[in-house]
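In what follows, a structure is listed as structure tokens, so that the remarks can point back to it.
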Amino acid sequence: MSCPLKKRFSTNIYLATLYQLLVAMFLFSACRLFFYIYNIDQFNDIPFSSLARIFLGGLRFDLTAILYLNILFIVMRVLPFRFVYKKGYIKTTNIVFAVCNGLGIAANVGDTGYFRFTNTRTRAMFFKELGQDNNAIGIFINQTLHYWPLLAGGILLILLLIYLSERVEIKPITFTNKKLQTILQWCLIPVLAGIILIGIRGGIQDGYPIAIADAITYTHNNRDVNLVLNTPFTMMRSIGKREVVEIMDYMPQDSVASIYSPIHVPTKNETAFRQKNIVLIILEGIGASFIEKFNNLSLDPSYKSLTPFLDSLCSESYICKNTYSTGRRSSEGINAILGGFPAFKSFFYMSSPYNHNTIDGLPALLAKKGYQSAFYCGCNKGSYAFETFSKSIGYHKFIGREEYNNEEDFDGTWGIFDDKMAAYILNDLQHTTQPFLASWFTISSHGPYALPEAYKGKYKSPDRTMDQMVEYVDEVLSDFFKEAQKTDWYDNTLFVITADHGSIMENPLYNSPNTLYKVPLIFFTPDGSIAPQIDTLTASQLDIFPSILGYLGYNEPFIAVGQNIFSDPISGRFAVNNVNNQYQIVQGPYLLQFNGEQSVAMFDKETDPLLQKNIISDMPEKAHQMEKLLKAFLQEYTHRIVENRLSWQTEKKQP
């Protein structure tokens with residue numbers, strides 16, 4: 001008796017090709033289900049009816065992606081020549097099919113895990129960022145092995161693709177009239193080309209072909225567009241797209257000025273400039289949720305802090321408990337913290353046409369006051385363009401893995417272990433002329449979470465987890481501060497600690513568009529010149545740069561879209577970010593979501609941290625006020641970055 005799994009069926013080359021394309025469609029849907037299950041904590045509130053609509057709508061995007069991926073395969077199959085029926089040729093077309101669609105499946109499965117870091121489907125820009133890292137291949141291999149369940153799932157889906165696609169045997173089409181057969185086959189080519197073109201366009205609708213933004217038509221929640229889409233589609237639709245900022249105009253410019261202004265002009269009664277050293281520490285992925293002093297949500301009574309040192313430091317510091325990141329990527333966080341401007345949506349500043357703009361970056365402004373500046377990041381050369389960005393905003397030197405120059409301390413993926421980099425920084429600062437600006441971006445709390453041998457077995461958290469790396473980074477910081485206290489520059493230093501972005505937590509309470517974007521912000525001065533305080537007003541990463549200058553008593557005008565948290569801006573304290581392709585503004589207890597044209601939701605984030613109760617219709621006046629402020633902010637920012645007006649130097653040249 002023959003095994004049913006070995007049974008094959010025979011049909012003509014056109015139906016066989018159609019069958020194989022349907023197999024690919026089926027497996028793209030399987031990838032979507034895999035994506036949904038793996039990230040269920042992000043989508044656990046979707047009703048079944050809405051989920052069904054999402055999966056059905058996704059077929060439209062899958063069809064476009066599959067037709068793109070299979071253009072070569074289809075062309076090879078429909079050629080009106082007899083050699084297309086030869087076994088060797090058919091085998092070759094099957095290999096082309098398996099390779100092209102296998103890559104599509106691999107992209108979908110790989111993005112299933114990466115989504116937890118970015119909250120969006122990957123676009124072509126990802127390869128620009130990764131490609132600049134000189135250890136890109138090593139990063140890819142290590143990350144793939146770290147997420148081995150995804151690797152196993154991807155392999156199984158690709159094997160299933162190969163198995164199902166080879167269940168069909170192709171038999172020649174036999175016409176008595178060979179001449180008629182040839183004519184029909186040639187005539188069929190333009191018909192098939194038209195069908196494929198319609199499929200790639202996503203239908204016969206007028207105007208533009210189907211786009212990433214069209215996914216919103218199949219869901220009521222911008223977050224869920226990532227379920228509708230597939231990664232090959234977002235990658236192909238973003239290839240060749242110029243990373244430009246669209247200017248937003250909502251109101252006359254004089255109206256904007258009365259609501260919000262990014263121009264910082266010191267008042268006459270400013271204190272004398274403080275020649276303080278600045279040590280700015282940016283923690284990789286360690287959002288506010290990891291640190292007990294910033295955690296407002298209820299915790300298990302048995303919970304023990306992962307960050308005892310940072311918790312103790314907070315009691316001696318000015319901390320902003322409601323600080324928000326501008327995005328979910330490291331490059332976005334660095335832009336905001338050091339450059340003083342955001343990089344919303346799929347926008348990579350160093351690959352944009354604005355990367356030669358004149359920017360009032362923190363190091364450039366402090367250089368005017370005689371500061372030496374250094375950006376320390378033990379990362380690989382080219383990683384996230386940190387080196388080029390740091391130089392573009394005025395840092396005197398950049399210290400990465402190459403400059404560190406000791407491969408024994410390489411973590412195998414991202415760069416130098418944080419404890420080794422901390423020791424290097426302390427030694428380097430001992431030989432640096434004061435005053436100085438030292439910015440340190442930690443890297444060890446990035447997957448695959450490699451721990452140095454000397455620290456293994458020390459922590460309560462499971463191995464190779466984010467929690468374990470948070471414990472490690474906290475110990476590194478504790479040792480760093482202990483050693484810094486012994487230096488001659490410590491007492492005359494402002495320490496600022498924050499994070500580039502938050503990270504997905506096991507507890508869904510921390511993963512809403514509200515809580516996931518919260519980051520720590522700590523200002524600590526050993527001499528007590530900033531009194532310890534818990535500031536519960538809204539703050540943003542964008543506020544760090546102008547707040548540092550405000551504390552120092554910087555006495556020259558400058559441009560920064562953030563605010564000085566130590567003063568009272570005309571607009572009141574607020575934060576702006578972009579989540580799932582829509583803008584959010586946070587002010588006081590309220591969070592407003594805006595799609596670029598109109599406000600779609602408002603929440604009381606204090607009583608509703610998961611943002612489940614839309615109260616926009618209950619508070620129209622407050623919603624209008626917040627929308628007006630957000631529009632003024634977006635109008636100012638987009639005009640300034642496009643028109644090269646993010647510096648007082650270029651602002652003075654305007655008519």
Spot the failing condition for W648; the list is (1) under 30 Å from I393 (Cα atoms); (2) within 26 Å of the chain's Cα centre (by Cα), and only one is missed. (2)
Hey, any hits in the range 161-168 for a residue that's of a type outside the set (A, V, I, L, M, F, W, C), within 30 Å of A450 (Cβ to Cβ) and modelled with pLDDT of 90 or more? no
Members of the range 69-85 found to be under 13 Å from P190 (Cα atoms) and under 40 Å from the mean Cα position of the chain (by Cα), listed by number: I74, V75
For the range 190-220, give me each residue that is under 26 Å from R77 (Cα atoms) and either hydroxyl-bearing (S, T, Y) or part of a helix (DSSP H, G or I) (or both). P190, V191, L192, A193, G194, I195, I196, L197, I198, G199, I200, R201
Filter the range 359-411 for residues that are in a loop (DSSP other than H, G, I, E, B), modelled with pLDDT of 90 or more and open to solvent by 50 Å² or more (accessible area, probe 1.4 Å) and give the result. K368, H396, N405, N406
Conditions (1) under 30 Å from D411 (Cα atoms); (2) modelled with pLDDT of 85 or more; (3) of a type in the set (S, T, Y); number of the one not met by T144: (2)
Being within 18 Å of G199 (Cβ to Cβ), out of contact with any strand residue (DSSP E or B) (no Cβ under 9 Å at 6 or more places or on another chain), aliphatic (A, V, I, L, M) and part of a helix (DSSP H, G or I) is the requirement here; does L27 meet it? yes
Candidate set: the range 412-425, residues that are part of a loop (DSSP other than H, G, I, E, B) and touching a residue at least 60 places away in the same chain (Cβ under 8 Å); chosen: the one surrounded by the fewest Cβ atoms within 10 Å (Cβ to Cβ): G412
Selection over the range 426-450 where residues are surrounded by fewer than 21 Cβ atoms within 10 Å (Cβ to Cβ), modelled with pLDDT of 95 or more and closer than 27 Å to G287 by Cβ yields a count of 1
Residues in the range 502-538 that are closer than 30 Å to K420 by Cα, open to solvent by less than 10 Å² (accessible area, probe 1.4 Å), of a type outside the set (A, V, I, L, M, F, W, C) and at pLDDT 95 or above total 2
Selection within the range 460-499 - modelled with pLDDT of 95 or more, assigned to a loop (DSSP other than H, G, I, E, B) and of a type outside the set (A, V, I, L, M, F, W, C): Q485, K486, T487, D488
How many residues does the range 451-471 contain that are farther than 30 Å from Y395 by Cα and open to solvent by less than 10 Å² (accessible area, probe 1.4 Å)? 1
Residues of the range 313-358 satisfying the condition of being open to solvent by less than 20 Å² (accessible area, probe 1.4 Å) and among the aliphatic types (A, V, I, L, M): L313, I319, I334, A336, I337, L338, A343
Can V576 be described as in contact (Cβ under 8 Å) with a residue 24 or more places away in the chain and in contact with a strand residue (DSSP E or B) (Cβ under 9 Å, 6 or more places away or on another chain)? yes
Among the residues in the range 240-263, are any of a type in the set (K, R), at pLDDT below 90 and surrounded by 15 or more Cβ atoms within 10 Å (Cβ to Cβ)? no
Of all residues in the range 270-295, how many are surrounded by fewer than 21 Cβ atoms within 10 Å (Cβ to Cβ) and aromatic (F, W, Y)? 1
Cβ-Cβ distance below 9 Å, separation of 6 or more or different chains: which pairs start in the range 1-18 with a residue that is under 25 Å from P80 (Cα atoms) and end on one that is at pLDDT below 80? N12/I173; I13/I173; Y14/I173
So which pairs qualify, if the first residue must be in the range 477-493 and in contact (Cβ under 8 Å) with a residue 40 or more places away in the chain and surrounded by fewer than 17 Cβ atoms within 10 Å (Cβ to Cβ), the second must be aliphatic (A, V, I, L, M) and in a helix (DSSP H, G or I), the Cβ gap must be under 6 Å, and the two must be at least 6 apart or on different chains? E483/L426
Filter result (surrounded by 15 or more Cβ atoms within 10 Å (Cβ to Cβ), part of a helix (DSSP H, G or I) and without any contact (Cβ under 8 Å) to a residue 60 or more places away in the chain) within the range 604-636: K622, A623, Q625, M626, E627, L630
Residue under question is G102, and the condition is that it be under 22 Å from I170 (Cα atoms), touching a helix residue (DSSP H, G or I) at 6+ places or on another chain (Cβ under 9 Å) and crowded, with 19+ Cβ neighbours inside 10 Å; does it hold? yes
List the residue pairs whose Cβ atoms are under 6 Å apart, where the first residue sits in the range 428-452 and is over 30 Å from L145 (Cα atoms), the second is part of a loop (DSSP other than H, G, I, E, B) and open to solvent by 20 Å² or more (accessible area, probe 1.4 Å), and the two are 6 or more positions apart or on different chains. P435/Q275
Restrict the check to the range 590-603 and report whether at least one residue is within 19 Å of V561 (Cα to Cα) and open to solvent by 10 Å² or more (accessible area, probe 1.4 Å). yes
Any residue in the range 152-168 that is closer than 18 Å to N70 by Cα and open to solvent by 30 Å² or more (accessible area, probe 1.4 Å) sitting within a Cβ distance under 7 Å of a residue that is of a type in the set (S, T, N, Q) and part of a helix (DSSP H, G or I)? List the pairs, counting only those 6 or more apart or interchain. E166/N94
Can you tell me which condition Y68 does not meet? The list is (1) at pLDDT 90 or above; (2) open to solvent by 30 Å² or more (accessible area, probe 1.4 Å); (3) closer than 30 Å to S512 by Cβ; (4) not polar (S, T, N, Q), and all the others hold. (3)
Exactly one of these conditions fails for H639: (1) outside any helix (DSSP H, G or I); (2) out of contact with any strand residue (DSSP E or B) (no Cβ under 6 Å at 6 or more places or on another chain); (3) surrounded by 16 or more Cβ atoms within 10 Å (Cβ to Cβ). Give me its number. (1)
Looking across the range 36-52 at residues that are farther than 24 Å from G153 by Cβ and part of a helix (DSSP H, G or I), the single one that is most open to solvent (accessible area, probe 1.4 Å) is S49
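The values are calculated or read from the model by the stated rules, or taken from the named source; none is laboratory data. In this text the structure is predicted, and so the values were computed from the model without any measurement. Cβ atoms come from the backbone with ideal geometry, glycine included; neighbour counts cover every protein chain shown. To get the accessible areas, we keep the full protein, side chains included, count just its heavy atoms, and leave off ligands, DNA and RNA. Shrake-Rupley method; radii C 1.70, N 1.55, O 1.52, S 1.80 Å.
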